[in-house]
Each structure stands twice: as C-alpha cells, then as structure tokens.
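Written out below as structure tokens is the structure these notes cover.
The values are calculated or read from the model by the stated rules, or taken from the named source; none is laboratory data. Remember, predicted model here, so these are calculated numbers, not experimental data. Calculation scope for accessible area: heavy atoms of the full protein, side chains included, ligands and nucleic acids excluded. Shrake-Rupley method; radii C 1.70, N 1.55, O 1.52, S 1.80 Å.
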Amino acid sequence: MPQINHIPESGITASWQTPSNIALVKYWGKHGRQLPRNASLSISLKNAVTRTTVKLLQALPGEEGKIVSFLFDGKPNDAFASKVQKYFDSIQGEFRFQEAVKFEIETSNSFPHSAGIASSASAMGAISLCLCELERKLNPDLSDENQFFRKASLIARLGSGSAARSVYGGFTVWGKHAEVSGSSDEYAIPLSENIHHLYHGIKNTILIVEASEKKVSSSAGHNLMNGHPFAEARFVQAEKNLGLLLKALQSGDWNTFAAITENEALSLHAMMMSSNPGYLLIHPNTIKIIDKLKSFREQSGARVCFTLDAGPNLHLLYPEQETEKVQPLLAGLTEFCYNGTYIDDCVGNGPVNLNYAL
Ligand code: PMV
C-alpha cells in the first residue's frame with residue numbers, strides 16, 4: 001500500500017459549501033467520459049447550497065479508497081453513499097492519495113429534497129472541491145487558484161455533468177463554444193466580465209409543482225439523445241442560442257434573454273417528448289403557470305420569464321429591480337404549486353471554503 005506521509009492519525013479534512021445551478025442554455029446529450037454534446041450556460045444560486053466535509057484517514061489493508069462513514073443531513077444514507085463510492089471508484093487515478101486512504105463524509109443541503117433544485121450539481125461540486133482541497137493540503141505546490149477550480153470542475157463533471165458549472169458563482173459556461181474564449185468540454189469557466197447590470201442579482205423563484213422523484217433520470221434522458229431524430233438540430237440550436245444569450249447578457253436586452261431562455265426550456269422538454277420512448281416530465285400545472293405568466297407579462301410589461309429543469313417545477317427569472325412588479329404574478333401562481341410552495345433564490349457568488357474540522 002503506498003504511504004502518504006503527511007496524514008496525521010486524526011486525519012485531515014476539507015469543507016466546502018457549493019451552490020446548485022440552473023441552466024439557461026441546456027446541456028442535454030453526452031458522449032465519451034461525460035463530455036457534453038453542446039455548450040451550456042447557467043447561473044449559480046445563492047441560497048440552494050450543499051455543505052460537505054470530507055475527512056481522509058490512513059486506510060487499513062482492505063479499506064483503501066473506501067467510504068467508511070457517510071452522513072446525509074446527520075443520518076447514515078446507504079443509497080447516497082454507494083452512489084458516491086461508485087463515483088470515487090470511477091475517478092481512481094485522479095488523486096494520488098485515493099489508493100492509500102479511507103473517507104468519512106458528511107453532507108447536507110440547504111434546500112428540501114425533490115424541490116426541483118439540482119442536488120447532484122451542488123453535491124458533486126462540493127465533494128470535488130473537498131477532494132481538490134485535500135490534494136492541495138497534501139501538496140502545497142498546488143497553489144494556482146485557476147488550476148484548482150479547473151480541476152474541481154473537471155472532477156465534478158465526472159460525477160454529474162451540470163456539477164461542472166457549480167464550482168463557480170455568477171454566470172458559468174461549460175462546453176467548447178466558438179464565442180467563449182477559454183471554454184472547454186472538460187471543465188466549466190466563469191463568465192465574469194461584461195454582464196450587464198440588469199442581470200446582477202437576477203432572481204430565481206422556484207415554483208414547486210410536484211415534490212416527487214423524477215420519473216426518468218437525467219442519465220436515461222441523455223442516453224435517449226443518442227440516435228434521437230432531432231439531436232443534431234438540437235445541438236446546432238443550443239450553439240446558436242448560447243451565442244445570442246451571451247450578446248443579450250452583455251447588452252441588457254431583456255426580451256432576447258427571455259426569448260432564448262424560454263426557447264431552451266421548451267426545447268429540452270421537446271427532446272424528451274420526441275425521444276424513443278418519449279416521456280413527459282411536465283405537469284398540467286406547469287402549462288397553466290406558463291400561460292398565466294405570459295398573459296401577466298403582456299398586461300403588465302414586467303420583465304419576467306421562466307425556465308424548466310428536467311422536471312415539472314418552474315423557475316421564474318427576473319431582474320432584482322422587478323421584484324415588486326412580479327409579486328401579483330406570484331400571488332396568482334401559488335394555487336398551482338404543491339402545498340402552495342415556492343422557494344426564493346437569486347444568483348450567488350459561488351462556493352465557499354468552510355474549512356472547519358469534523
Ligand atoms: O448533470 P446531469 O447529468 O444531471 O444533467 C442535467 C441536465 C439538465 O439539468 C436538464 C440541464 C442542465 O444543463 O443542467
């Protein structure tokens with residue numbers, strides 16, 4: 001068994017808080033080792049976060065690379081633990097310490113389960129940041145911040161594609177795109193410059209239409225894009241939409257922002273419906289909310305639009321200064337929400353190194 005000399009008997013820990021994100025241009029379809037078929041663009045959320053602590057301990061023979069304790073919201077969770085164990089097995093070789101240590105993991109979310117918030121993005125993002133943090137604790141030569149986040153994004157991607165975007169705050173792009181310099185299929189990059197002030201603090205109110213588990217997993221959905229009759233057209237559309245959205249983000253052209261964002265949401269669900277077998281993740285109330293939103297927008301002129309993730313819950317997006325104007329719309333929509341529930345969130349600054357011990 002290789003010896004890692006710097007691990008004290010009490011172990012070493014890393015703790016990160018990492019946001020979930022909502023894609024405006026959707027990633028749908030992948031190839032190879034979790035590589036995207038098109039570039040995607042998302043905003044990282046402020047309040048919907050995962051907090052994770054990973055502790056490394058020298059492994060006894062037979063324990064190498066194993067998760068020996070896993071707590072989710074303070075309780076053991078075998079299903080989640082075995083998912084993370086599989087992920088760790090799949091990234092053997094990415095971190096030298098893996099083959100000499102065992103892991104203790106504690107993780108919790110700030111948001112409820114099945115709330116239409118991508119928990120795998122924040123969970124995998126947080127675990128990856130912790131692994132990279134442990135690596136740099138063991139090797140202080142790894143001091144380059146850009147490299148650190150790039151590797152964290154790449155490792156997160158291997159756990160869940162959309163997690164690649166969660167290691168940054170603000171607006172993030174994952175996937176090679178002709179108009180985003182430095183963009184890559186391997187990792188996400190932050191879009192920090194040239195975002196019009198209209199979008200600073202952009203709000204995301206998540207209307208919970210259904211609080212149950214997804215009927216079809218994202219990985220099954222991605223797989224159905226292989227051989228999908230409209231796949232190639234979809235990848236071209238996403239490439240074009242990302243370019244148009246970038247311009248709208250720079251210029252402050254809200255109408256284009258809204259049109260592209262909604263087109264992406266509906267196209268994602270159109271891909272699901274037209275795959276073989278086809279399936280529907282939206283609910284009748286999702287459609288009612290979209291109709292209400294459109295007529296409210298026409299009457300009030302309020303700057304508000306929607307997006308959808310791979311589920312029935314609706315994400316309202318609006319500039320911070322539009323909050324008051326949007327209240328009457330919200331008041332009229334809660335009757336279509338499960339138990340009247342919605343969650344208020346907005347764009348956030350990204351992960352936080354919590355750096356506390358278990
Ligand atoms: O990260 P995955 O493999 O769960 O895929 C997520 C895909 C969508 O959430 C539907 C879109 C996206 O870009 O986040």
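Quick look at the values:
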| item | result |
| --- | --- |
| Cα-based shape type of the stretch 101-152, given that a ≥ b ≥ c are square roots of the gyration tensor eigenvalues and the cut on a/c is 1.5 | oblate |
| Rounded to 10°, Cα long-axis angle of helix 145-159 versus longest principal axis of the chain | 80 degrees |
| Share of carbon and sulfur in the accessible heavy-atom surface of the chain [1.4 Å probe, %] | 50 percent |
| Reachable lysines from Lys30, criterion Cα separation under 27 angstrom, eight or more residues apart if same chain | Lys83, Lys86, Lys151, Lys176, Lys214, Lys215, Lys240, Lys247 |
| Acute angle (nearest 10 degrees) that the helix 78-90 long axis makes with the longest principal axis of the chain, alpha-carbon atoms | 70 degrees |
| Nearest-10 value in Å² for the accessible area of Glu135, using the 1.4 Å probe | 40 Å² |
| Rounded accessible area per residue of the stretch 12-194, 1.4 Å, Å² | 38 Å² |
| Shape of the stretch 143-216, Cα gyration tensor, a/c cut at 1.5 | oblate |
| Over the stretch 45-139, relative contact order from alpha-carbon pairs under 8 Å, at least 6 apart, % | 45 percent |
| Accessible area in square angstrom per residue, the stretch 197-346, 1.4 angstrom probe | 45 Å² |
